[in-house]
Structures are given as structure tokens and as C-alpha cells.
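The values are calculated or read from the model by the stated rules, or taken from the named source; none is laboratory data. Everything numeric here is computed off the predicted structure, so don't read it as measured data. Cβ placement follows ideal geometry from the backbone for every residue including glycine, while neighbour counts extend to all protein chains displayed. What goes into the accessible areas is simple: the full protein's heavy atoms, side chains included, and nothing from ligands, DNA or RNA. Shrake-Rupley method; radii C 1.70, N 1.55, O 1.52, S 1.80 Å.
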Amino acid sequence: MKMNTQADRIKVQEYAAPYDLVSYLNEYHRSIAAPDEFWVEQSRLLDWKSPFSKVRNVDFGTQGVTIRWFEDGVLNACVNCVDRHLGQRGNQTAILWESDEPGVTEKITYSELHASVCRLANGLRALGIRKGDCVAIYLPMIPEVAIAMLACARIGAIHSVVFAGFSADALAGRVRDCGARLVITADASVRAGKRIPLKSNVDEALRSCPLVEKCIVVARTSADVDWDAERDVRYVELVDAQSRECEPEWMNAEDPLFVLYTSGSTGTPKGVLHTTAGYLLSCALSHRHVFDLREDDIYWCSADVGWITGHSYIVYGPLANGATTLMFEGVPTYPSPSRFWEICDRHGVTIFYTAPTAIRALMREGDDHVRSTDRSSLRVLGSVGEPINPEAWRWYFEIVGDGRCPVVDTWWQTETGTIMIAPIPGVTPLKPGSATFPLFGVEPVLVNNSGDEIEGAGEGLLCLKQAGPGIMRTIYGDPKRFFKTYFGRIPGLYFTGDGCRRDEDGYYWITGRIDDVINVSGHRLGTAEIESALVAHPAVAEAAVVGYPHETKGQGIHAFITVKAGIEETEKLLGELRLSVRRQIGPIAQPDVIQWAASLPKTRSGKIMRRVLRKLAEGQTNDLGDMSTLAEPGVVATLAKSTQARG
Ligand code: PRX
């Protein structure tokens, strides 16, 4: 392995860098100092129906926020992801699908993708969907999910993809919030050899969604499903009847492209709204640079399309760049923990992008599962979704990448739409565990608790002074909450909710959320949502949920439960509580630990002291910090005792 470790910095010498660090930094500084000039140049990455005359209209104001980019430009996202590649890349694979069953694959060329998207787009129009209507997509990891997103984009419908692991209740809440008129789903999903019903969840959800008129059903398996002849439409029958050509709807740059729900520290999940041109341009630019995209790359992002990573880096980024994007239906450990690397070998994957939780889980299975595979096609490895601990980083670099492949740790959020802080392969010297430097157009700042900016090395709240064109525009239907959540805390800055350290070399190290959002296996959850699912059970008087460090998941979920007077704390009740969370949110939100609490530690004003609960959940029972505001000191002692008893 040829590697130059300068102090703590790793540079893979044999990697042919696309440009050098000085050029990158010069270009970066120009993007910050002269954003209009920089983004006009970059806008050529997209095809425009009619050009824009205004570049940027952005004000992170103290009274209100304006974020508008290229605001008089006209284009279509689907045309940019599909049609414009037909000339040169019609026969190139656009989507390379590997099913749950090893080796069962499907290759969809750009021409085939075009025909499939047009057919569905025509089908949607035939069902009455028009520009500005919202379509909910509740599909597993099958090509139809990308086809559905692109078909919506083609006709100007706003898609709202709901992760197929969410429950009927969670789906219903999202469908109602975005006012969807149509849902696209499948009979079932297939994971690790098991069939998981989806259509039945939709049937249940739609009982409380009166606006939904139609439901399109993809037949992933031959499962029997209930059928509402008035409402349900078979995907195959719908698209077979349609033409392979479909005139796109020409969209204003700031017309909505999609809504994607994500958890916040309070209340119900927020519908993050992204618009057309700025988002797509930012996807294309970041995908190109952060993965050093080259002709003939086979690019694979293992995320689920139900999350922002899937939107930006399975669908929009790679397709806007005319790349081949691999989509995997299954799980990393089925039929064995070699699955990821077998897929890399089978398809000659050159760029692989996954989450630390998967890396840690596979690391635990031992090196043999990796070493038994070839992986020589790999060139770049990416990480996303949560802080990657240096041990996992090194394993990924040394064992998976054989010390040849730069690891790009990418920090960003559903709200930022695209990658904000990340290295460039071969260009940025790496430090394991650091996302390194900001990307073009992104100006991070660290502030202390009083809102003062920290210069140079230090640790504080991560905010953005500039975020480029891909950032969210609002919370769907709730602009006040948008302003309050992201701009109300530190005047003039976008507040990310993350803590961060900047070292003496200017490297950024994300330390994790500083609010009540937890990150479980890369899935973002609000503790408030889980608490509300728990208190919905009639036996529960009060619930408090906190995250705690978990070896593979990053964070685990620890719930403290106070039962109502006269209720017994039984195993049966524990089972019911877990089920309650599964029903209302989904299996990902099920607590790892449920601890009974005679009462919860509160301040005199009645606020639960989560800081104390977090320490208890970590297993720490003394040194619990300042207790001077605690209303009843005895409560903590009792809880600490029961924590100790649990071991
Ligand atoms: O806490 C940060 C963490 O994930 C949060 C965003 O979650 P979500 O909106 O679901 O998007 C995940 C995919 C982009 C952030 O606020 N996070 C994401 N990437 C990293 C990270 N934390 C540390 N390092 C990262 N690379």
C-alpha cells in the first residue's frame, strides 16, 4: 500500500487526482467570494429550456428568509436526468438493479428508462394528476421507485417518497400532510428472503386519507392483496396502455420537485420541500466532485430511496450526470455478510457509498467475509448519515478498500439536500473521522451558545452562512416553523442541529446532534415522536426517550416509562409498548431498552431533565451533573438504583 501519512493525514499516493488541493481551495474560495459568477458557470451542468437572468436571491434574514435561485429559469428535472442523455448514452445502463436474490439483476438503459418514465407519466396524467399535485410513493427498492419519481418530475407533480419500512399510521400522517391525491405502492417488498406486505399498509393508511383517489400497485411478488376496484390500478395495465413519449411540463426553477419528511426535535415530522433547479444542480455538482465521477464508472449508493441519500445520490445526482447507478433491494448480510462485496465484484462497482452502521455491522462479522472477495474494481468509498468512528473508518479504508481507495466521509442533511462537507478523492488529505472541508458554495461557521462566531480551532454549534442552491426552501405548509427551526436560533445563520469541532488545520469533525433528534442505524428519529407513540398506550402515564451510544447502530433508543397508578410493570406490557411503536412509526423506532421509572426527573418548571436521563441510559449513575434545578432529588436516586440493578 503506497500511502503518505503526514502527521495524522492520509493521502493515497497512487490515486490519480482530478486536480490538486490548491486548485480546489482556490475554486472553493471563489465560490464563496463570487457566488454569482461561480454558479452561472456551474449552471451549464444542466440543460435549460429557457435561461435564467437572475442567479441568486438569498437572504438569511432576522425577520424572514428568502431562498431563490435561478428564479426565472425554465427546465425539467426528468429531461435533465433522462432525455438529454439519449443521444450519447441511449444504450448505456442507467439503472442496474440487483434483487434480494443474489445475482438476479436487471439492466435498464437510458432509452428504456425514458420509455418507462414516459409511460408512467402519461398514466399519471390519465388518472388526473397535474402540475402541482402531490403523489405519495411507498415502494421498495425496485426500479419502479426511480421511475415513479422521474414520472412525477416529468409532469410537474410533487413526489413524496415514504420509506417502505414506515407503518400504516406513519404513512397516513405523511400522505395527509402533503395532501397527496394518489399513492404508488407495491404488493410487497422482499428483504432477506422474506416477503413484507406493503399494499395492506396502504389500505389501512388510506382509510384516514380522504383526498386519495387512486392507488397504483406494482406487482413485486405474486402475493394476493385486497383490491378496491374503484381506487386501485394495476401498474402494468396502466403503463401498457400508454405511449412511450410524453411531453414534459416545463417548470420554473423554483417550482417544487419533492417533499420528504424528516424528524425534528419536536412535533410531527417536517415535510422538507426542495425545488427544481437549485437542488438538481447541487446534486449533479456534488456527485461529480465528491465521487470523482468518471466515464464508465459503476456507481453504487446502498441507501434506501426513502431517505434523502437515495433521492440525491441514487436517483437525481447520478442520473443528472448520465452515470450508471446501482440499486440494491436487499440487506448487507443476506445471504451472507459478503453480499456487498459480491455485488461489487459481480458488477465491477467502482464507487461505493454506504453508512457507518453498515460498516460497523460488517466489521463485526470479521475480515474473512471481505477478504474472500476481490473488490479490485473499487476506486472510491463513501460514508454518510452519522459520524464514522475512526476504527470503522480505518477498517473500511484498509480492509474493504485495501488501502487504495480514498474514503469520503460526507456530512449533510435532508434539509441541505446535498453534500455540504466532504473530501475530494485524491485531492483532500484525509483524517479518519473527519468530513474534512466544505464543498463549493458552502460556508460553515461554528458559534458558541451565546450565538457568537468562533474563529479558528474550536467547538460549537454548526451553522451555515451560505449553503449553495440545493438547500430546502420551506417546511411544506408551515413556513413559520421553517423559519423558527432553522433561522430563529442564531440570527442570520442556518442552524443545522449538529455540534462540530474545527481543528487547527481547519478540518471539520461532526460530533452529532445537539437537539432531541437521534440517529439509529442512520435513520433519523425524533425522541418526541417515539414518546408520543408510547404514551398513546392506555397504561402509560409518561414517557421519555433518549439516545445512547450503541456499538453498531451508532445510537440505541432508551425509553423511560412511568405507568399509570394501579398498572403493573409486566413483560406483557413491555411487548405491547414495543408493538405500539412499531404500529405508529415502524420497526426502526422500536426501543432497544425500556426502563420502568416510578417518576421522571423534572425541573421545578416541569421540564424533563433529559441530560440526566441520557447519562443514566449510558449506564452512568454518579456524576450526573448539576441537579440544582431538580424538583424532587429522590427521583434520580431511585432511577439510578434501578439502572444499576439492570447492570
Ligand atoms: O447529525 C447529522 C447526521 O445525520 C443528520 C442528518 O440526517 P438526515 O437528514 O436523515 O440525513 C442523513 C443523510 C445525509 C445530520 O444532522 N449526519 C449525516 N452525515 C453525517 C452525519 N454526522 C456525522 N458525519 C456525517 N458524515
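Of all residues in segment 562-589, those being in contact with a Phe, Trp or Tyr (Cβ under 6 Å, 6 or more places away or on another chain) and either part of a helix (DSSP H, G or I) or more than 26 Å from P601 (Cα to Cα) (or both) number 1. Of the residues making up segment 407-416, not a single one is open to solvent by 10 Å² or more (accessible area, probe 1.4 Å) and either of a type in the set (K, R) or assigned to a helix (DSSP H, G or I) (or both).
Taking the residues in segment 600-613 that are crowded, with 16+ Cβ neighbours inside 10 Å and not aliphatic (A, V, I, L, M) as candidates, determine which candidate is nearest to V635 (Cα to Cα).
Just the residues of segment 600-613 that are crowded, with 16+ Cβ neighbours inside 10 Å, to begin with: 600-602, 608-610, 612-613.
The next check asks that each one be not aliphatic (A, V, I, L, M); those that pass are 601-602, 610.
On the way: P601: 6, K602: 9, R610: 13 Å.
Here the residue is P601.
When the residues of segment 215-232 are filtered to those that are of a type in the set (G, A, S) and within 23 Å of C134 (Cα to Cα), which remaining residue is surrounded by the fewest Cβ atoms within 10 Å (Cβ to Cβ)? By that ranking, first place goes to A229. Applying a threshold of 6 Å to beta carbon distances and a minimum spacing of six or more residues, or different chains, the list of pairs starting in segment 489-506 at a residue that is farther than 10 Å from P444 by Cα and ending at one that is more than 14 Å from the ligand (Cβ to nearest atom) and among the polar types (S, T, N, Q) reads P491/T62. Among the numbered conditions (1) open to solvent by less than 10 Å² (accessible area, probe 1.4 Å); (2) within 29 Å of P469 (Cβ to Cβ); (3) assigned to a loop (DSSP other than H, G, I, E, B), the only one that D72 does not meet is (1). Among the residues of segment 463-478, are any part of a loop (DSSP other than H, G, I, E, B), within 12 Å of the ligand (Cβ to nearest atom) and out of contact with any Ser or Thr (no Cβ under 7 Å at 6 or more places or on another chain)? Taking every residue of segment 463-478 in turn, at least one turns out to be part of a loop (DSSP other than H, G, I, E, B), within 12 Å of the ligand (Cβ to nearest atom) and out of contact with any Ser or Thr (no Cβ under 7 Å at 6 or more places or on another chain).
Take T474 and decide whether it is touching a helix residue (DSSP H, G or I) at 6+ places or on another chain (Cβ under 7 Å), crowded, with 16+ Cβ neighbours inside 10 Å and not small (G, A, S). The answer is yes for T474.
Restricted to segment 305-324, and to residues that are within 11 Å of the ligand (Cβ to nearest atom) and assigned to a loop (DSSP other than H, G, I, E, B), which residue is surrounded by the most Cβ atoms within 10 Å (Cβ to Cβ)? Among those that are within 11 Å of the ligand (Cβ to nearest atom) and assigned to a loop (DSSP other than H, G, I, E, B), it is G306.
Residue count for segment 233-254, restricted to those that are surrounded by fewer than 14 Cβ atoms within 10 Å (Cβ to Cβ) and part of a loop (DSSP other than H, G, I, E, B): 4. For segment 135-144, state whether one or more residues are in a helix (DSSP H, G or I), of a type in the set (D, E) and without any contact (Cβ under 8 Å) to a residue 24 or more places away in the chain. No; the residues of segment 135-144 include none that is in a helix (DSSP H, G or I), of a type in the set (D, E) and without any contact (Cβ under 8 Å) to a residue 24 or more places away in the chain. From (1) farther than 30 Å from V545 by Cα; (2) surrounded by fewer than 24 Cβ atoms within 10 Å (Cβ to Cβ), pick out the condition that doesn't hold for G267. Status for G267: all satisfied but (1).
State yes or no: is T511 part of a strand (DSSP E or B) and within 16 Å of the ligand (Cβ to nearest atom)? Spelling it out, T511 is indeed part of a strand (DSSP E or B) and within 16 Å of the ligand (Cβ to nearest atom).
Name every residue in segment 486-505 that is touching a Lys or Arg at 6+ places or on another chain (Cβ under 9 Å) and open to solvent by 50 Å² or more (accessible area, probe 1.4 Å), in order of residue number. Selection gives D505 alone.
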